[in-house]
1. Of Asp215, Asp269, Asp324, which has the largest mean-square fluctuation in a 10 Å C-alpha GNM of the chain?
2. Compute the Kirkwood hydrodynamic radius of the chain, taking the inverse of the mean of 1/r over all pairs of distinct Cα atoms, and give it in Å to one decimal.
3. Step through the residues of the range 270-282 one at a time and calculate ³J(HN,Hα) from phi using the Karplus curve (6.51 cos²θ - 1.76 cosθ + 1.60, θ = phi - 60°), rounding each to whole Hz and writing x for Gly and Pro.
4. For the range 98-202, compute the orientation-averaged projected area of the C-alpha convex hull (one quarter of its surface), in nm².
5. For the chain, calculate the relative contact order in percent as a whole number, restricting contacts to Cα pairs under 8 Å that are 6 or more residues apart.
6. Provide Tyr88, Tyr230, Tyr279 in ascending order of the number of other Cβ atoms located within 10 Å of each residue's Cβ, fewest first.
7. Residue farthest toward the positive end of the dipole of the chain, with Cβ of Lys/Arg at +1 and Asp/Glu at -1: which of Val12, Gln195, Val216?
8. Could you compute the net charge surrounding Leu405? Neighbours are other residues with a C-beta less than 9 Å from the C-beta of Leu405; K and R count +1, D and E count -1.
Amino acid sequence: MSTVGLRDVSKVFPDGTRAVDAVSLDVADGEFLVLLGPSGCGKSTVLRIVAGLEDPTSGAVLLDGALANDLPPRDRGIAMVFQDFALYPHMSVRDNIGFPLKLAGLDPDNRGERVSDVAGALGIGEVLGRRPSQLSGGQRQRVAMGRAIVRRPGLFLMDEPLSNLDSGLRAELRAEISGLVRELGVSTIYVTHDQAEALTMADRVAIMRRGVLQDVGTPTQVYGRPATLYVAAFLGSPRMNLLEASVYAHLDRYVAIDLGSQVIHLPWDDIRSRVVAHYHGERIVVGVRAEALTPVPPDHRGDVLRGRIRFLEHHGHESLAFLDIGATAVVIDEVGADPADPDEFVRRGRFGQLVQRLAGRSAQPSPAAAAQTSVLTDQGRHHRRPGELVVRLAPYPAVSAGDGLAVSVRVDALHFFDERGDRIDVGWR
C-alpha cells in the first residue's frame, strides 16, 4: 500500500500548452480517489506524472512521503490499467495476466497459482486459454485488471478503464472494480469523465478543469456544497439551475433574492443570510437543483416560483419540465472559447462585468483575485440566456408544454456564488 502527494505540480509541454497547473493533492493509504473532469482537463497527465511516464515541469511527486520525481516507473510499485486494455494479442489470457510475474522471475508453479486465483476472483477463470481477440470487451478489461492485480502493487492507476464499454457493462464493472480494490486495500487513483462513476466509486473526488484543480471532497461534499460555479454546473443530472440574482437585505427580517420577475426570501435566522447580506445591492449567482423544487398548487404559500412550461422531456422513470420563470441563467460552456464580440459583455451593464470576471476578462485584478480569475478563465466562458428551471415530475404528468406550473423552493438547499464564481458560504466543510 502507498500514499501519494502532489505539491504544486505543473506540466507545460514544449508547444507551451499548460496541461497541469499547480496541482496539490494527497491520496491516503488505501484510498480510492477519482480524478474527474472533461476531456483535455489534464487528469490523465496527472496520472502519467504519478506513474513516472511524464516528468513534471515543476513541483514534487511524493510516494510514501519520499520524493519520487527522478524515480523510474519500474521502481514506483505502481500498476496501471489503460483505456484500451493494452493486451498482448499473441498471448493467451493466462500469459497476459502472468506476464508481470514472469518478468519478475517468479517460478512457473507459483505464477500459475496466482494467475488462477486472480482470474477466479475476476470471473474469467474459464477463458484462461483464449487470446484477447476471442474475448468480449468486458472480459478484456477484466484481463487488464488481472494483470495489474497479480503484481500486488502498492498503488493502482486507472485511466478511464470503462469508457470503451457499453453502459450496462460499465455499471457492472464499476461495482466489481470498486469492491475488489477495497477488498485488496490498495491505494487507487482512477481517472474518468463520467460523474456517475466518480460519485458511486470514489472515497474522494478531485474535479479538474483545464489543468486546474477545482474542488476535492467526498462525493457528498462536492455534490452538496460545490466549491465553485464550474463544479456546481458540472455535477448532477439534470444540471443545477444557475440564475442571476440581486440581493436586498432587510436587517433582522430576511434577505430578498430577486430573480428578475420573482423573489424568494432567505430567513434572517438562516446562518447563511448574514453572509449573503454583505452583497446587498449587488448581483450574485443562485443555484438550485431539481430535487429542491416541488410542484405545488397555484395558491400555495411560501417561497414559490411560478412560470410556464416551455417543454417536457420524458425519461421513462420521470419527466423533466423546463419552466420559464422570467429569470436569467448563467451558463458555463464546456467549449471554453471566448465570445466573438468581447464588447458584448460591457453592453450588458454591471452584471455583464460579473460575467466578464467569470470569463476571466476583468482588468487589473488584485493578485489574489487574479489567481482565482485565472482558474475561472480555464473553466471556459460564461454567458447568459433566459433562465429555465428544470423540475422533476412524475413519469407521465398531467401537464404539457404551455401549461402554468408553481414550484415550492427549499431555501435551505440554495447555493450562492460570487462574481468570481466562488461559493458564498459561512465556512468550509
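1. Taking springs between Cα atoms under 10 Å, the residue moving most is Asp269.
2. Details: mean 1/r = 0.0416 Å⁻¹.
One over the average 1/r among Cα pairs gives 24.0 Å for the chain.
3. Coupling constants for the range 270-282: 6, 4, 6, 5, 5, 6, 5, 4, 5, 9, 3, x, 10 Hz.
4. On the way: hull surface 27.1 nm².
Mean shadow area of the hull around the Cα atoms is 6.8 nm².
5. Numbers: 895 pairs, mean separation 66.9, N = 429.
Relative contact order here is 16 percent.
6. Working: Tyr88 12, Tyr230 26, Tyr279 19.
Ranking Tyr88, Tyr230, Tyr279 by Cβ neighbours within 10 Å, fewest first, gives Tyr88, Tyr279, Tyr230.
7. Val12
8. On the way: positive: Arg306, Arg308; negative: Asp403.
Charge balance in the 9 Å sphere: +1.
Only the coordinates and a few stated rules stand behind these numbers; no lab work does. Quick caveat: nothing in here was measured; it's all calculated off a predicted structure. Cβ coordinates were reconstructed from backbone atoms using ideal geometry, including for glycine residues, and neighbour counts include every protein chain displayed.
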